[in-house]
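So the structure is just underneath, and the comments pick up after that.
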Amino acid sequence: MAKPSNPHNSMTAHQESLLQAAYGAQTTQILYIAAKLGIADQLQNGHLSAMELADSLGVDTSALLRILRALVSIGICIENTDGRFGLTAVGD
């Protein structure tokens with residue numbers, strides 16, 4: 001069975017640089033939002049669900065869930081099997 005092709009293997013160096021710049025900007029925005037909302041401060045005392053965290057921060061749950069999952073993807077938070085979020089050593 002053939003392995004699926006990786007789109008990054010066919011990218012030029014210029015395309016890879018552009019992609020890295022775009023992801024860098026996105027990461028910066030995610031970290032800014034997390035800091036502005038005080039997400040790490042809220043998670044210092046333990047894991048919370050997106051709904052619990054949204055209620056304490058006064059923000060929309062579905063929007064916050066997207067931010068939390070973005071934080072998971074960059075290694076700042078973890079999402080437990082029960083849907084609760086906590087900080088990693090990086091986020092702490």
Within the group Ala89, Ala63, Ala70, which residue is out of contact with any Pro (no Cβ under 9 Å at 6 or more places or on another chain) and crowded, with 18+ Cβ neighbours inside 10 Å?
-> Ala70
Can you work out which of the residues in region 23-51 that are free of Cβ contacts under 8 Å to residues at least 12 places away in the same chain and closer than 23 Å to Thr81 by Cα is surrounded by the most Cβ atoms within 10 Å (Cβ to Cβ)?
-> Met51
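Show me the helices (runs of 4 or more DSSP H) entirely contained within region 34-92 in which 3 or more residues are of a type in the set (Val, Ile, Thr). So that I can check it myself, show each step before the final result.
Values: elements: 39-43, 50-57, 61-73.
Helices (runs of 4 or more DSSP H) meeting the threshold: 61-73.
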May I ask you to list the residues in region 49-92 that are in contact with a Cys (Cβ under 6 Å, 6 or more places away or on another chain) and modelled with pLDDT under 95?
-> Gly91
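The values are calculated or read from the model by the stated rules, or taken from the named source; none is laboratory data. In this text, all values refer to a predicted model and were calculated from it rather than measured experimentally. Here Cβ is always computed from backbone atoms with ideal geometry, including for glycine, and neighbour counts include all displayed protein chains.
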